[in-house]
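Here's the structure, in structure tokens; my notes come after.
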Amino acid sequence: MKIARTMTVVVIAMLTLVATGCDENKRLAEQAERHAARQAEQNVRMAEMQREVAAGARQLVEADAKARVEIVELQKGVQTERVDIGRQRDLLEADRREIAADRYFEPLVAGAIAQVGLLIACVLPLLICWQLLTQPIEPTDDGTVTEFLLRDMVSESPLLLLAEPPRASITAQPTTEAHPPSTSKGDSECHTS
């Protein structure tokens, strides 16, 4: 708007000078024309610059909008990854607790099993003895025992008695000594078989 006023003033000044017809006025009129032409050029340049600035601002706004959309997408991706990492962390923590519980209870169970095994090993002979002591003893007659011993003695493969009792035998060994064997009573007993 200021530029249009200035242009109007310059044009009016030129017309006034032309109408008066002075030399000096001619020179002023030429200067005014040059000034007006320069002003017009500057106005055109300013308009182009404003268009370029507007286009640059528009591009900047579009780039900012795209960047914001990308940032929102990245934030959604990060949030999804956080949820996944949180879930995996919870699973890992549950596994850790389970392993810790196993580490705590396994020695207790192993000790209990060892103690129960030892208790069974100690009590079992006592139970056997108790079983033997509480059984009623039936009286056996001597005839049965005598008959069993006689059968064992006459059998070819005895169970209680050996078939032939071992006999100790002492035999005389021929000696090559220069002394003849003496015939004393003690020596003859040793050499007899």
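Within 10 Å of each residue's Cβ, count the other Cβ atoms and sort Asp102, Asp142 from fewest upward.
Sorted ascending by nearby Cβ count, the order is Asp142, Asp102.
At 1.002 mPa s and 20 °C, plugging the Kirkwood radius over alpha-carbon pairs of the range 2-132 into Stokes-Einstein gives what diffusion coefficient in µm²/s?
The calculation lands on 85 µm²/s.
Run the numbers on the range 2-132 and let me know its relative contact order in percent, using alpha-carbon pairs under 8 Å that are six or more apart.
The value is 14 percent.
Scaled to the compact-protein estimate 2.2 N^0.38 Å, what is the alpha-carbon radius of gyration of the range 31-97, rounded to two decimal places?
Normalised Rg, Cα atoms only: 2.61.
Read the figures in this text as sums done on the coordinates, not as results from a lab. From a predicted model like this one, the values you see are computed outputs, not experimental measurements. So basically every Cβ, Gly included, is an ideal-geometry build from the backbone, and we count neighbours across all protein chains shown.
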